[in-house]
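What follows is a single structure, written as structure tokens, with notes after it.
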Amino acid sequence: MPASVLFSNQTQPADLPQEAIGDYINGCLAGGVDLPKSGIGFQTMRPSRNRSWAHPVLKSFIHDLGFKVKKSGFPALLIGDISQPRGGPMEGGHLSHQTGLDVDIWFKPSPKKELNLDERESLSAETVVGGFKSPWVNENFTEREAWLLETVSKDDRVSRIFVAPPIKKVLCEQTKVENRSWLTKIRPWFGHTYHFHVRLACPSNSQDCVNQKDPPIGDGCGSELDSWLQPSELAKKRLAQKPRTKDKMLSDLPLACRNVLSVKSQK
């Protein structure tokens, strides 16, 4: 049976010390903590997915960012998928998000009211990219979205932020060369037109956690970015699609993930 099925069937976290295990695309989460449905500066979306579980470091990061958003006067965040209760591979939608250190944050601002359950399930995200015929940012990409990306990238806990290539392009154009150091963490990647994907570095208490290799040196605003924006069929696919991979089996994951899957749930 695929590991995605085994982990998706778990509705509560494992009663183990809090730890991110393995790497972002091949791992699991021990002792996960649930993000509240609402907090200062944020609201969570799609609760039926049960993907709001995080390593405590990521939970703290989201709370801290919510406070900054609230203080700035910008509309609150809409938080998408984080991880399953025990992390691990998911059934559809994500290759990563397996260790409780990845979170999707919608570009769409939160409404000024508390969302009810139906609204959290049905409210649609909004793209900030214009489309293939004009693959640049549209009117939904504002000062708020640019501020958010810069603020997140300057957090020492953050390893990478994935965005659609046109978003990286406009950030490069809007930022003076001498002030572009924060753009190193902003990485162009498939999709990510409706949300940006924040990835934290491994916490110090997670000895079995594997960090992703550091991004290339430099701001990434040159030829590397240009290759994502060529008007070719391949470039178009890169804007809209995510890579596919075969289903992982439990034996493909770190050995510790078998224990995460088998122990009792937290009370």
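The values are calculated or read from the model by the stated rules, or taken from the named source; none is laboratory data. The structure presented is a predicted model; accordingly, all values stated were derived computationally and were not measured. Ideal geometry is used to build each Cβ from the backbone, glycine not excepted, and the neighbour counts take in all protein chains shown. Ligands, DNA and RNA are stripped out before the accessible areas are found, and what is left, the full protein with its side chains, is counted by its heavy atoms. Shrake-Rupley method; radii C 1.70, N 1.55, O 1.52, S 1.80 Å.
Some observations on this one:
- Here PHE141 clears all of (1) open to solvent by 50 Å² or more (accessible area, probe 1.4 Å); (2) over 17 Å from the mean Cα position of the chain (by Cα) except the condition numbered (1).
- Scanning region 9-68 for residues being part of a helix (DSSP H, G or I) and either open to solvent by less than 20 Å² (accessible area, probe 1.4 Å) or within 21 Å of TYR194 (Cβ to Cβ) (or both) gives a total of 8.
- Verdict on LYS213 being open to solvent by 70 Å² or more (accessible area, probe 1.4 Å), without any contact (Cβ under 8 Å) to a residue 60 or more places away in the chain and either of a type in the set (A, V, I, L, M, F, W, C) or closer than 30 Å to GLY27 by Cβ (or both): yes
- Which numbered condition SER72 fails, given (1) hydroxyl-bearing (Ser, Thr, Tyr); (2) open to solvent by 10 Å² or more (accessible area, probe 1.4 Å); (3) more than 27 Å from GLU143 (Cα to Cα): (3)
- Unmet requirement for GLU114, which otherwise passes all of (1) within 19 Å of the chain's Cα centre (by Cα); (2) open to solvent by 10 Å² or more (accessible area, probe 1.4 Å): (1)
- Out of LYS133, LYS154, sole residue that is surrounded by fewer than 20 Cβ atoms within 10 Å (Cβ to Cβ), over 30 Å from PRO56 (Cβ atoms) and either modelled with pLDDT of 95 or more or not β-branched (Val, Ile, Thr) (or both): LYS133
- Candidate set from region 222-241 (those that are open to solvent by 90 Å² or more (accessible area, probe 1.4 Å) and either within 30 Å of ASP208 (Cα to Cα) or assigned to a helix (DSSP H, G or I) (or both)); member that is modelled with the lowest pLDDT: GLU233
- Checking each residue in region 176-197 for being in a loop (DSSP other than H, G, I, E, B) and either at pLDDT 95 or above or of a type outside the set (Val, Ile, Thr) (or both) picks out LYS176, ARG180, TRP189, PHE190, GLY191, HIS192, TYR194.
- Pairing each residue of region 141-164 that is within 15 Å of THR184 (Cα to Cα) and without any contact (Cβ under 8 Å) to a residue 60 or more places away in the chain with any residue that is of a type in the set (Phe, Trp, Tyr) and in a strand (DSSP E or B), provided the two are 6+ apart or on different chains, yields C-beta distances under 9 Å for LEU149/PHE196; ILE161/PHE196; PHE162/PHE196; VAL163/PHE196.
- Only one of SER4, SER83, SER60, SER96 that is modelled with pLDDT under 95 and closer than 18 Å to ALA201 by Cβ: SER96
- Considering region 242-266, the residues that are part of a loop (DSSP other than H, G, I, E, B) and of a type in the set (A, V, I, L, M) include one that is modelled with the lowest pLDDT, namely VAL263.
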